[in-house]
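**Student:** What follows is a structure written as structure tokens; I'll ask about it next.
The values are calculated or read from the model by the stated rules, or taken from the named source; none is laboratory data. What you are looking at is a predicted structure, and each value in this text was computed from that prediction instead of being measured. Using ideal geometry, Cβ is built from the backbone for each residue, glycine included, and neighbour counts are taken over all protein chains shown. For the accessible areas, the whole protein counts, side chains as well, though only heavy atoms, and no ligand, DNA or RNA atoms are used. Shrake-Rupley method; radii C 1.70, N 1.55, O 1.52, S 1.80 Å.
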Amino acid sequence: MRLRFINAASATIFRVALAGHRMMVTHTDGQPVEPREVDALRMGMGMGERYHVLVWANFPGIWQLAAQAEGTTKMVRAIFRYEGSRGTLPPAVYRPPELTG
């Protein structure tokens with residue numbers, strides 16, 4: 001699956017991670033880069049900064065995609081649920097270990 005992240009903030013650095021998955025960065029600001037596999041993506045303070053990543057959706061379950069403003073505990077999340085996966089959602093305060101570091 002291909003995801004595109006955009007930092008719409010003007011002065012905030014974000015760390016972005018999809019729990020249980022690694023991401024392959026393929027483009028920054030619309031330009032191809034040497035692909036690099038990462039646990040988390042650090043999006044700088046450039047307003048409108050963009051990253052394209054590939055995620056291999058081969059680990060069924062219910063996972064949290066999280067973005068945390070660096071230097072704070074503020075975090076937003078989305079839930080990735082594989083088709084047919086059952087179970088409970090991660091708690092709203094869950095912080096994926098990929099965001100550490």
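**Student:** State the dimensionless ratio Rg/Rh of the stretch 1-57 (Rg: radius of gyration of Cα atoms; Rh: Kirkwood radius). Don't jump to the answer; show the numbers that get you there.
**Tutor:** Details: Rg = 10.9 Å, Rh = 11.4 Å.
Computed over Cα atoms, the ratio is 0.95.
**Student:** Which residue, L18, T72, Y82, has the largest displacement toward the positive end of the dipole of the chain when charges sit on each Cβ (Lys, Arg +1; Asp, Glu -1)?
**Tutor:** Sorting the options by dipole projection puts first Y82.
**Student:** Over the chain, average the accessible area per residue using a 1.4 Å probe and give it in Å², no decimals.
**Tutor:** Values: 6270 Å² over 101 residues.
Accessible area per residue, the chain: 62 Å².
**Student:** What's the local net charge at G61, with K and R +1, D and E -1, over the other residues with C-beta under 10 Å away? Please list the in-between numbers first.
**Tutor:** Values: positive: R81, R86; negative: none.
Summing Lys and Arg as +1 and Asp and Glu as -1 gives +2.
**Student:** Say we join alpha carbon atoms closer than 10 Å with springs in a Gaussian network model of the chain; which of A66, A78, A17 then has the biggest fluctuation?
**Tutor:** Highest fluctuation of the listed residues: A78.
**Student:** Also, I was wondering about something else. To the nearest 10 square angstrom, how much accessible area does I6 have with a 1.4 angstrom probe?
**Tutor:** 100 Å²
**Student:** Another question, if that's okay. What does the charge dipole of the chain about its Cα centre add up to, to the nearest 20 debye, if the Cβ of each Lys and Arg holds +1 and the Cβ of each Asp and Glu holds -1? Display every interim value, and only then the final one.
**Tutor:** Numbers: 12 positive and 8 negative charges, 57 e Å.
My answer is approximately 280 debye.
**Student:** Under the rule that an exposed site lies in a DSSP loop and has at most 14 other Cβ atoms within 10 Å, name the longest stretch of the chain with no GluC sites (Glu not before Pro) of that kind, not counting the sites themselves.
**Tutor:** Values: sites that count: E70, E83.
With GluC sites (Glu not before Pro) excluded where exposed in loops, the chain gives 1-69 as its longest stretch.
**Student:** Does the stretch 52-101 come out rounded, prolate or oblate by the C-alpha gyration tensor, with a ≥ b ≥ c the root eigenvalues, rounded set by a/c under 1.5 and, if not, prolate when a/b is larger than b/c and oblate if not?
**Tutor:** On the way: a/c = 2.55, a/b = 1.51, b/c = 1.69.
Because a/c hits 1.5 or more and a/b fails to exceed b/c, the stretch 52-101 counts as oblate.
**Student:** Let me check the size of the chain from its C-alpha atoms; what are the radius of gyration and Dmax in Å?
**Tutor:** Gyration radius and largest Cα-Cα distance of the chain: 13.6, 40 Å.
**Student:** Over the chain, with every protein chain in place, what whole percent of the accessible area is carbon and sulfur at 1.4 Å, could you tell me? Display every interim value, and only then the final one.
**Tutor:** Values: 3540 of 6270 Å².
For the chain, the apolar C and S fraction of the accessible surface comes to 56 percent.
**Student:** Within 10 Å of each candidate Cβ there may be at most 11 other Cβ atoms; applying that plus a DSSP loop requirement, which trypsin sites (Lys or Arg not before Pro) in the stretch 37-84 survive?
**Tutor:** Values: sites: R42, R50, K74, R77, R81; in loops: K74.
Here the trypsin sites (Lys or Arg not before Pro) that fit, given the DSSP loop and packing criteria, are K74.
**Student:** Using R₀ = 41 Å, calculate the FRET efficiency as 1/(1 + (r/R₀)^6) where r is the Cβ-Cβ separation of L54 and L89; round to 0.05. Mind dumping the intermediate values first?
**Tutor:** Working: r = 25 Å, r/R0 = 0.60.
Rounded to the nearest 0.05, the efficiency is 0.95.
**Student:** While we're on this one: Just need the relative contact order of the stretch 1-71 here, percent rounded to a whole number, with Cα pairs under 8 Å and 6+ apart. List each step's numbers first, then the result.
**Tutor:** Details: 155 pairs, mean separation 33.4, N = 71.
It rounds to 47 percent for the stretch 1-71.
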